[in-house]
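Asker: Starting off with a structure, shown below.
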Amino acid sequence: MVNLLVPGANALADGHPREAADAAAELASFSAPSVTANQAQLRRVWPQLTSVARRLADLDAIGVDVQVVGPMPMHRYWAEPSLAGKLATVINEAVAAHCAGGAGRLYGLGTLPLQHPGLAVRELERAVAGLGLKGVSVSTSVDGRELSDPAFEPVWEAAAGLGAVVFVHPWGCSLGGRLGAHFLGNTFGQPAETALALSHLIFAGVLDRHPGLRLLAAHGGGFLPTYAGRSDHAWSQRTDARGCASPPSSYLRRIWYDALVYTPRALRHLVEAAGADKVVLGTDYPFDMGVTDPVERAAAAGLPAADLTAILSGNAAALFGLSSSLTSHQVSGWAFASASVIDFAPPCEENPPSTGMSWPLR
């Protein structure tokens, strides 16, 4: 997953007290060495985050034809309606413009002002029908509210109706300072947040009410696919855990997942839990939690040939509705060496900031 930093959006939010509070909270959630390392990394990868030409060259180097691009997950869910609408407009138009320069190889996801559901529905319709984006990225909670909050039902209904992908990726972790040391805010916190958000959506019955919703989970779904048996047990034993119609593990096969789980064994387990048709390749380009050998890692899992082909090409093409718009070469290889990448990409600023937020890049 690579991230698009949009200067226009940053300028709109600059000076808002909640923007400063977010920056302070982010810095507080990492140790000093992690803050330093994150800021150094951002400066180091800046060319890869700003240049379409560099991005396409790097995709060629790892055997990838097509990449899904979206904004860095700084959604600013605290923004009032006027500011929230401007932020979403600026960000989504920047994503669309960036992808338009990708020679048909880049497709976009946008952002939504979820804290204002009516506004979010209108922006979702504009982003998909007007700008041609393939869906949106959302965080794992919305200014203290879960994604399963009834207020968001119109958004999920609209997304299902439009066939829009909803990519769930956390911005920070609700466990806060406990994860400050040793980069645990990323290595543990990000997968934990992903698993928690998916659990809320499942247990609250959101997928029962919106069976056509196309959810894509970062981090291979976090810890949820590994330990869904505990969720099933609770569902079977306790009435207060039975907000969904079926055992929670059955919903794992209604969600899509990126395959960036690092080891062959973990990928095999994800496929066993979710199905080979629900896994798409991811790289986290160009950050240090990402990989530059996604095809080789997927192949190392020793999956049946048909499953591997689906993960490397067909699943992502189908999820994002790209089969009809790509050439036969690209569909059969969705990345030349059979890799389709669910990544997030480039900013437009000329120079990286020397100070500021210590972003949990993955």
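The values are calculated or read from the model by the stated rules, or taken from the named source; none is laboratory data. Since the model is a prediction, treat every value here as computed from it, not as a measurement. Because the Cβ atoms are built from the backbone with ideal geometry, glycine has one as well, and the counts that use them run over all protein chains shown. Side chains are part of the model used for accessible areas, which takes the heavy atoms of the whole protein and leaves out ligands, DNA and RNA. Shrake-Rupley method; radii C 1.70, N 1.55, O 1.52, S 1.80 Å.
Asker: When the stretch 271-289 is examined, which residues are found to be without any contact (Cβ under 8 Å) to a residue 60 or more places away in the chain and open to solvent by 10 Å² or more (accessible area, probe 1.4 Å)?
Answerer: Residues satisfying the conditions are VAL271, GLU272, ALA273, ALA276, ASP277, LYS278.
Asker: Continuing with the same structure: For the stretch 131-155, enumerate the residues that are in a loop (DSSP other than H, G, I, E, B), in contact (Cβ under 8 Å) with a residue 24 or more places away in the chain and surrounded by fewer than 16 Cβ atoms within 10 Å (Cβ to Cβ).
Answerer: Within the stretch 131-155, GLY132, ASP143 qualify.
Asker: Here's something else I'd like to know. Considering only the stretch 206-233, state which residues are in contact (Cβ under 8 Å) with a residue 40 or more places away in the chain, outside any loop (DSSP other than H, G, I, E, B) and not β-branched (Val, Ile, Thr).
Answerer: LEU207, ARG209, ARG214, LEU215, LEU216, ALA217, HIS219, GLY220, GLY221, PRO225, ALA228
Asker: Within 28 Å of SER148 (Cβ to Cβ) and assigned to a loop (DSSP other than H, G, I, E, B): which single residue out of LEU260, LEU270 fits that description?
Answerer: LEU260
Asker: In the stretch 206-217, what residues are open to solvent by 10 Å² or more (accessible area, probe 1.4 Å) and either among the aliphatic types (A, V, I, L, M) or more than 18 Å from the chain's Cα centre (by Cα) (or both)?
Answerer: Scanning the stretch 206-217 gives ASP208, ARG209, HIS210, PRO211, GLY212.
Asker: Here's another thing I want to ask about it. Identify all residues within the stretch 151-193 that are on the phi > 0 side of the Ramachandran plot and among the small types (Gly, Ala, Ser); write none if there are none.
Answerer: Correct list: GLY163, GLY172, GLY176.
Asker: Looking at the stretch 189-205 only, could you name the residues that are outside any loop (DSSP other than H, G, I, E, B), open to solvent by less than 30 Å² (accessible area, probe 1.4 Å) and out of contact with any strand residue (DSSP E or B) (no Cβ under 9 Å at 6 or more places or on another chain)?
Answerer: Passing the criteria: GLY189, GLN190, PRO191, ALA192, SER199.
Asker: Exactly one of (1) of a type outside the set (Lys, Arg); (2) within 30 Å of PHE183 (Cα to Cα); (3) surrounded by fewer than 20 Cβ atoms within 10 Å (Cβ to Cβ); (4) in contact with a strand residue (DSSP E or B) (Cβ under 8 Å, 6 or more places away or on another chain) is unmet by LEU322. Its number?
Answerer: (2)
Asker: While we're looking at this one, here's another question. Could you please let me know if ARG268 is within 19 Å of the chain's Cα centre (by Cα) and open to solvent by 20 Å² or more (accessible area, probe 1.4 Å)?
Answerer: For ARG268, the condition - within 19 Å of the chain's Cα centre (by Cα) and open to solvent by 20 Å² or more (accessible area, probe 1.4 Å) - is not met.
Asker: So which residues in the stretch 28-41 are modelled with pLDDT under 80, of a type in the set (A, V, I, L, M, F, W, C) and either in contact with a Cys (Cβ under 6 Å, 6 or more places away or on another chain) or open to solvent by less than 30 Å² (accessible area, probe 1.4 Å) (or both)?
Answerer: PHE30
Asker: Can you confirm whether SER250 is within 29 Å of GLY321 (Cα to Cα), open to solvent by 20 Å² or more (accessible area, probe 1.4 Å) and either part of a helix (DSSP H, G or I) or at pLDDT 95 or above (or both)?
Answerer: Yes.
Asker: In the stretch 71-86, is there at least one residue being in a strand (DSSP E or B) and either on the phi > 0 side of the Ramachandran plot or modelled with pLDDT of 80 or more (or both)?
Answerer: Yes, some residue in the stretch 71-86 is in a strand (DSSP E or B) and either on the phi > 0 side of the Ramachandran plot or modelled with pLDDT of 80 or more (or both).
Asker: Please specify each residue of the stretch 293-320 satisfying the condition of being more than 22 Å from VAL69 (Cα to Cα) and either hydrophobic (A, V, I, L, M, F, W, C) or part of a loop (DSSP other than H, G, I, E, B) (or both).
Answerer: Correct list: ALA299, ALA300, ALA301, GLY302, LEU303, PRO304, ALA305, ALA306, LEU308.
Asker: Looking at (1) part of a helix (DSSP H, G or I); (2) of a type in the set (A, V, I, L, M, F, W, C); (3) crowded, with 23+ Cβ neighbours inside 10 Å, can you tell me which one ALA158 breaks?
Answerer: Failed condition: (3).
Asker: What's the number of the condition THR292 fails, among (1) of a type in the set (Val, Ile, Thr); (2) at pLDDT 95 or above; (3) touching a Ser or Thr at 6+ places or on another chain (Cβ under 9 Å); (4) open to solvent by 40 Å² or more (accessible area, probe 1.4 Å)?
Answerer: Answer for THR292: the failing condition is (2).
Asker: Out of all the residues in the stretch 168-188, is one or more among the hydroxyl-bearing types (Ser, Thr, Tyr), in contact (Cβ under 8 Å) with a residue 24 or more places away in the chain, part of a helix (DSSP H, G or I) and within 22 Å of LEU147 (Cα to Cα)?
Answerer: No: zero hits.
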